[in-house]
Amino acid sequence: MSDQLRAPDAGPYDALLLLSFGGPEGPEDVVPFLENVTRGRGIPRERLKEVGQHYFRFGGVSPINGQNRELLDALRKDFAEHGLDLPVYWGNRNWAPYLTDVLREMAADGRRRIAVLATSAYASYSGCRQYRENLADALAALAEEGVAELPRVDKLRHYFNHPGFVQPMVEGVLASLAALPQDVRAGAHLAFTTHSIPTAAADTSGPVEEHGDGGAYVRQHLDVARLIADAVRAETGTELPWQLVYQSRSGAPHIPWLEPDICDHLESLHEAGAPAVVMVPIGFVSDHMEVLYDLDTEATAKAAELGLPIARSATVGADPRFAAAVRDLVLERAAAERGEAVERCALGALGPSHDLCAVGCCPARAPRPAAAGVDSPYA
């Protein structure tokens, strides 16, 4: 059989697991969902009801589950079109379908080697290691249930700088610029947004050698922002000013988190005379609640209050190029696991990320077992 006709080889993997955060799908789900998210923190139920107003505003439904279903369909379609015979499952950390239930199903289906794609593209405790801890917890639960043969799980590398993640966002910025009034378009500022995290968590994000001011988390986002800004300049012939800013802070006021906040940034730009702003949510895979509320509702209202023209560019969501990037990530990891030489796709200055998280990578405040790393108890 010729190379052109040979089916792609995903071995040793026999399944892909799409691992996400989860979200409520009705008003009655909101508080139980938030209880799952904040378990162990002792937050009163009445306070959770207050926090849940963001969800109640949209009928108690987070868009994330629907968006994950769209991504599942896109992955299955892409795999089928390219002859990749690899079943795709979906599990969540905080809402149905729950991760433990899905891993139990996969074990019952005979899946023994599972590649895992987390819907978080960057290094951080909450965006990587916490998913790995959840995987370890789920495998421990299956072991306690007496599952005879636990599957091995391998988390795919960070994909923040993969062309299939970056290129759709470039097009999103160009479309948003085109949507602005023509007289302000050439002077628009780009506000690249991502989730704020405690500065201590940012400083220790990534492998130990990358720890420092902002750690891998900030460096990776800055690299993506530069890539997009450079691509927009190449396309439009105009160099637009840009800055990395943050949103969705949820911690105690006395704990330092990454700043500036997007709304504070909009006020600063308005005071400096910026004619318009495009918000670019590079830290998010899809248009879930934190994009829908923090940007489309809160930040957009702030811009209207200031009289500042604003647009918000799209996340990659279920873009076919992102689905193709996931296929690429699966196949490169599979080849590496087979001991073959691998050419890894990556744009920007940082190069492709690591396959296995090392000891000390994005450490937790209280150490817990984490799967899919050098120190995994489930090798």
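If you check every pair at least six apart or on different chains, which have Cβ atoms under 9 Å apart with a residue in the range 78-97 that is at positive phi and in the same structural domain as residue 34 (by TED's automatic domain parsing) first and a residue that is part of a loop (DSSP other than H, G, I, E, B) and modelled with pLDDT under 95 second?
83/5; 83/6; 83/7
Can you find a residue that is free of Cβ contacts under 8 Å to residues at least 40 places away in the same chain and over 29 Å from residue 74 (Cβ atoms) anywhere in the range 305-318? Explain how you work it out, then say what you get.
Of the range 305-318, the ones free of Cβ contacts under 8 Å to residues at least 40 places away in the same chain are 305, 307.
Next, from what is left, pick out any that are over 29 Å from residue 74 (Cβ atoms): 305, 307.
The answer is yes, given that some residue of the range 305-318 is free of Cβ contacts under 8 Å to residues at least 40 places away in the same chain and over 29 Å from residue 74 (Cβ atoms).
Working only within the range 319-348, note down all residues that are of a type in the set (Gly, Ala, Ser), surrounded by fewer than 21 Cβ atoms within 10 Å (Cβ to Cβ) and touching a residue at least 12 places away in the same chain (Cβ under 8 Å).
Of the residues in the range 319-348, the ones of a type in the set (Gly, Ala, Ser) are 323-325, 334-336, 339, 341, 346, 348.
Then keep just the ones that are surrounded by fewer than 21 Cβ atoms within 10 Å (Cβ to Cβ); that gives 324, 335-336, 339, 341, 346, 348.
Once the filter is applied, which keeps residues that are of a type in the set (Gly, Ala, Ser), surrounded by fewer than 21 Cβ atoms within 10 Å (Cβ to Cβ) and touching a residue at least 12 places away in the same chain (Cβ under 8 Å), the range 319-348 yields 324, 335, 336, 346, 348.
Of the numbered conditions (1) assigned to a helix (DSSP H, G or I); (2) farther than 21 Å from residue 354 by Cβ; (3) in contact (Cβ under 8 Å) with a residue 40 or more places away in the chain; (4) out of contact with any Phe, Trp or Tyr (no Cβ under 6 Å at 6 or more places or on another chain), residue 238 fails exactly one; give the number of that condition.
Tallying (1) assigned to a helix (DSSP H, G or I); (2) farther than 21 Å from residue 354 by Cβ; (3) in contact (Cβ under 8 Å) with a residue 40 or more places away in the chain; (4) out of contact with any Phe, Trp or Tyr (no Cβ under 6 Å at 6 or more places or on another chain), residue 238 fails exactly one: (1).
If I go through the range 247-295 residue by residue, how many of them are out of contact with any Ser or Thr (no Cβ under 9 Å at 6 or more places or on another chain), in contact (Cβ under 8 Å) with a residue 60 or more places away in the chain and among the small types (Gly, Ala, Ser)?
Number satisfying all stated conditions: 1.
With respect to residue 313, is the statement that it is of a type in the set (S, T, N, Q) and crowded, with 23+ Cβ neighbours inside 10 Å true?
On the way: of a type in the set (S, T, N, Q): yes; crowded, with 23+ Cβ neighbours inside 10 Å: yes.
The answer is yes for residue 313.
Please count how many residues of the range 70-97 are assigned to a loop (DSSP other than H, G, I, E, B) and touching a Pro at 6+ places or on another chain (Cβ under 7 Å). Give the derivation first.
At the first step, the residues of the range 70-97 found to be assigned to a loop (DSSP other than H, G, I, E, B) are 82-87, 93-97.
Next, from what is left, pick out any that are touching a Pro at 6+ places or on another chain (Cβ under 7 Å): 82-84, 95.
Of the residues in the range 70-97, 4 are assigned to a loop (DSSP other than H, G, I, E, B) and touching a Pro at 6+ places or on another chain (Cβ under 7 Å).
Consider residue 199 carefully, then state whether it is touching a strand residue (DSSP E or B) at 6+ places or on another chain (Cβ under 9 Å), closer than 12 Å to residue 124 by Cα and of a type in the set (S, T, N, Q). Before the answer, list the steps.
Details: touching a strand residue (DSSP E or B) at 6+ places or on another chain (Cβ under 9 Å): yes; closer than 12 Å to residue 124 by Cα: yes; of a type in the set (S, T, N, Q): yes.
The answer is yes for residue 199.
Could you say which residue among 240, 306 is in contact with a strand residue (DSSP E or B) (Cβ under 7 Å, 6 or more places away or on another chain), over 30 Å from residue 26 (Cα atoms) and modelled with pLDDT of 95 or more? Quick ask: steps written out before the conclusion?
Working: 306 fails: in contact with a strand residue (DSSP E or B) (Cβ under 7 Å, 6 or more places away or on another chain).
The unique qualifying residue is 240.
Using beta carbons and a limit of 6 Å, which pairs, at least six apart or on different chains, have the first residue in the range 167-178 and touching a residue at least 12 places away in the same chain (Cβ under 8 Å) and the second one acidic (Asp, Glu) and crowded, with 19+ Cβ neighbours inside 10 Å?
168/319
If we scan the range 25-48, do we find a residue that is under 22 Å from the mean Cα position of the chain (by Cα) and in a strand (DSSP E or B)?
Taking the range 25-48 and keeping what is under 22 Å from the mean Cα position of the chain (by Cα), we get 25, 30, 33-39.
Checking the rest, the ones that are also in a strand (DSSP E or B) come to 25.
Yes, because at least one residue in the range 25-48 is under 22 Å from the mean Cα position of the chain (by Cα) and in a strand (DSSP E or B).
Among 52, 22, 59, which is surrounded by 18 or more Cβ atoms within 10 Å (Cβ to Cβ), farther than 30 Å from residue 338 by Cβ and free of Cβ contacts under 8 Å to residues at least 60 places away in the same chain? Steps first, please.
Numbers: 22 fails: free of Cβ contacts under 8 Å to residues at least 60 places away in the same chain; 59 fails: surrounded by 18 or more Cβ atoms within 10 Å (Cβ to Cβ).
From the options 52, 22, 59, the qualifying one is 52.
Can you confirm whether residue 325 is within 22 Å of residue 160 (Cβ to Cβ), touching a Gly at 6+ places or on another chain (Cβ under 6 Å), not β-branched (Val, Ile, Thr) and not assigned by TED's automatic domain parsing to the domain that holds residue 245? Even if it seems obvious, please write down each step before you answer.
Details: within 22 Å of residue 160 (Cβ to Cβ): yes; touching a Gly at 6+ places or on another chain (Cβ under 6 Å): yes; not β-branched (Val, Ile, Thr): yes; not assigned by TED's automatic domain parsing to the domain that holds residue 245: yes.
Considered against the rule, which asks whether it is within 22 Å of residue 160 (Cβ to Cβ), touching a Gly at 6+ places or on another chain (Cβ under 6 Å), not β-branched (Val, Ile, Thr) and not assigned by TED's automatic domain parsing to the domain that holds residue 245, residue 325 comes out as yes.
Working carefully through the options 104, 41, 93, 45, find the one that is farther than 30 Å from residue 15 by Cα, of a type in the set (Lys, Arg) and touching a helix residue (DSSP H, G or I) at 6+ places or on another chain (Cβ under 7 Å).
On the way: 104 fails: farther than 30 Å from residue 15 by Cα; 41 fails: touching a helix residue (DSSP H, G or I) at 6+ places or on another chain (Cβ under 7 Å); 93 fails: farther than 30 Å from residue 15 by Cα.
Within the list 104, 41, 93, 45, the selection yields 45.
The values are calculated or read from the model by the stated rules, or taken from the named source; none is laboratory data. Bear in mind the structure is a predicted one, so any value in this text is a computation, not a measurement. Neighbour counts run over all protein chains shown; Cβ positions are idealised from the backbone, glycine included.
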